[in-house]
Amino acid sequence: MAQLKFSHCNGTHKPHHSHQNGITKKNGYHKALQNGTANGSLYKREYKESFEEAPLYVAVLTYIGYGVVTLFGYLRDFMRAWGLEKCHMAEERKEQKDFVPLYQDFENFYTRNLYMRVRDNWNRPICSVPGPRFDLMERLTDDYNWSYRYTGKVIKDVINMGSYNYLGFAENDEESLESVKNALERYGAGVCSTRQEMGHFDVHQELEDLVAEFVKAEAAMVFSMGFATNSTNIPALVGKGCLILSDELNHTSLVLGARISGATIKIFKHNNMQNLEKLLRDAVVNGQPRTHRAWKKILILVEGIYSMEGSIVRLPEIVALKKKYKAYLYLDEAHSIGAVGPTGRGVVEYFGVNPADVDVMMGTFTKSFGAMGGYIAGKKDLVDYLRTHSHSALYASSMSPPVAEQTIRVMKCIMGHEGQQRVQQLLENTRYFRQKLHKLGFIIYGNEDSPVVPVLLYMPGKVGAFARHMLEKKIGVVVVGFPATPIAEARARFCISAAHTKRMLDSVLDAMDFMGKFLRLKYSRQSRTDRALIYNDRNVELVA
């Protein structure tokens, strides 16, 4: 795997129009989900995803593990209430006892008896640029993770496998950030106003024009917060009398926006086109409950890359369905914009879909662009409507000008030759890392081209142990468990970056090999789950 050296990118590169898609041969370890004959013409590339089923004993032991922890938690709470328990590690501090509980009973129990045991694996303070390596502040706890004290020492040169720094633009190179420095000197750090009042700067207009050009839309609007781009704009688009069809694994920002809107919400199984079409057909045939009037709007909410599964949306089929049933499509490209597609333009480009077929194109600048905020792009009428109806446009402070300039710099870079090198390097790193993990025997989820790589750990006791031992080897990882994932599918989530060198990835793979043997995490038997088999069923004729 050739490793590229990136030149300084200050946003002055001219677009480089010739490119290669970097597609390599199937590595033999992924289980491909083939497109059926009826829908094969919708895909211009092979669609390969893997969702391997864990051995039965692993699932049984995982549930037993949670059961034992829960049982002993209730037993120790009982003994503690009667003064028989001397260890108070699962008890709130004295300073908190006089306050009204913030949690419901079981949430309080779960926090005290389960979460506190592994709390040290999250919220670790970083004291450097979150690039391919970073520095961490060392901290210790004297009260079983209820509070921490900092030693003043720094854990240096930790390999960063958790940040969404897909293209390596989380950097502090002075030459690359010259334009950002100039923006800070010219505009200052903050805007102190909303877009509707005194917060619309020329740099915001330049960014919006560039975003529209980048995603090939008529117009675009930028916002100062990625999460709020979803949660405050969906209510402006739909309301009472409208129907939202949402993928079951959609991000919380999409879920919150849907709930705030007041529209009726129905959930379809993840990436399951048969389930989605059934809901669409029922909605068109039956209309609204009780009155059976036609829905004012039907809006399909999906993501480009699902951040916990590493899977990629089946966009061509969804576009065909939305055309067939006259629905609208809202596509969240938070993780996919910049990260997939021959030139980094997200899943729309990845599948060769016409951008005009996606009614609302949403994305964020917090990941591939190394900045913050988000955007919505689409037809000019849509953007003009949001300028006067979006809560973010009306009430939120505008994006900081230096942040806008950083996004402009990076987007111009992606549109140039050096940016294409980064996109290609990310694809190579992603496939290399996924192939090696498969060979080592781990169960990993998702699409072979997705830089989000979930490695299944399953058992609760192994989650904390895995993260702590990896940090001892100077590798920073993100571990995720219930309620962020299904209770029996705790995992470590690796995020690949174009800035990762082969040596870094090999160091991580060596550590993974050791941890897989030490904690017995190599569960793979190279078989697909029932979920994958359901996706593989293509009996429905989709008419574009």
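Computed quantities for the displayed model
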{"read-out": "Count - residues of the range 140-173 that are open to solvent by 40 Å² or more (accessible area, probe 1.4 Å), at pLDDT 95 or above and not in a strand (DSSP E or B)", "value": "1"}
{"read-out": "Tally, over the range 364-376, of residues that are open to solvent by less than 10 Å² (accessible area, probe 1.4 Å) and among the hydrophobic types (A, V, I, L, M, F, W, C)", "value": "3"}
{"read-out": "Some residue of the range 506-518 being among the small types (Gly, Ala, Ser), modelled with pLDDT under 95 and more than 25 Å from Lys156 (Cβ to Cβ)", "value": "no"}
{"read-out": "Unmet criterion (only one of (1) assigned to a helix (DSSP H, G or I); (2) open to solvent by less than 10 Å² (accessible area, probe 1.4 Å); (3) over 22 Å from Leu167 (Cβ atoms)) for Ala404", "value": "(3)"}
{"read-out": "Meets criteria (closer than 30 Å to Arg259 by Cβ and either out of contact with any helix residue (DSSP H, G or I) (no Cβ under 9 Å at 6 or more places or on another chain) or of a type in the set (A, V, I, L, M, F, W, C) (or both)) for Val158", "value": "no"}
{"read-out": "Yes/no for Tyr432 being open to solvent by 10 Å² or more (accessible area, probe 1.4 Å), aromatic (Phe, Trp, Tyr) and under 24 Å from the mean Cα position of the chain (by Cα)", "value": "yes"}
{"read-out": "Residue satisfying all of: in the range 120-139; open to solvent by less than 50 Å² (accessible area, probe 1.4 Å) and assigned to a strand (DSSP E or B); nearest to Leu426 (Cα to Cα) among these", "value": "Phe134"}
{"read-out": "Index of the failed condition, Thr151 passing every other in (1) of a type in the set (S, T, N, Q); (2) more than 29 Å from the chain's Cα centre (by Cα); (3) at positive phi", "value": "(3)"}
{"read-out": "Qualifying residue in the range 409-425 (condition: open to solvent by 30 Å² or more (accessible area, probe 1.4 Å), under 22 Å from the mean Cα position of the chain (by Cα), of a type outside the set (Gly, Ala, Ser) and closer than 26 Å to Glu185 by Cβ)", "value": "no"}
{"read-out": "Matching residues, the range 254-300, being of a type in the set (Gly, Ala, Ser) and in contact with a strand residue (DSSP E or B) (Cβ under 8 Å, 6 or more places away or on another chain)", "value": "Ala258, Ser261, Ala263, Ala283"}
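To keep it simple, each residue is scored yes or no on (1) open to solvent by less than 10 Å² (accessible area, probe 1.4 Å); (2) assigned to a strand (DSSP E or B).
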| position | (1), (2) |
| --- | --- |
| Lys322 | no, no |
| Leu329 | yes, yes |
| Ile337 | yes, no |
| Gly352 | no, no |
| Met362 | yes, yes |
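The values are calculated or read from the model by the stated rules, or taken from the named source; none is laboratory data. As the structure is a prediction and not an experimental result, all values here were calculated from the model. Glycine gets a Cβ as well: all are built from the backbone with ideal geometry, and neighbour counts include every protein chain shown. Each accessible area value is taken on the protein alone, full model and side chains, heavy atoms only, with ligands, DNA and RNA left out. Shrake-Rupley method; radii C 1.70, N 1.55, O 1.52, S 1.80 Å.
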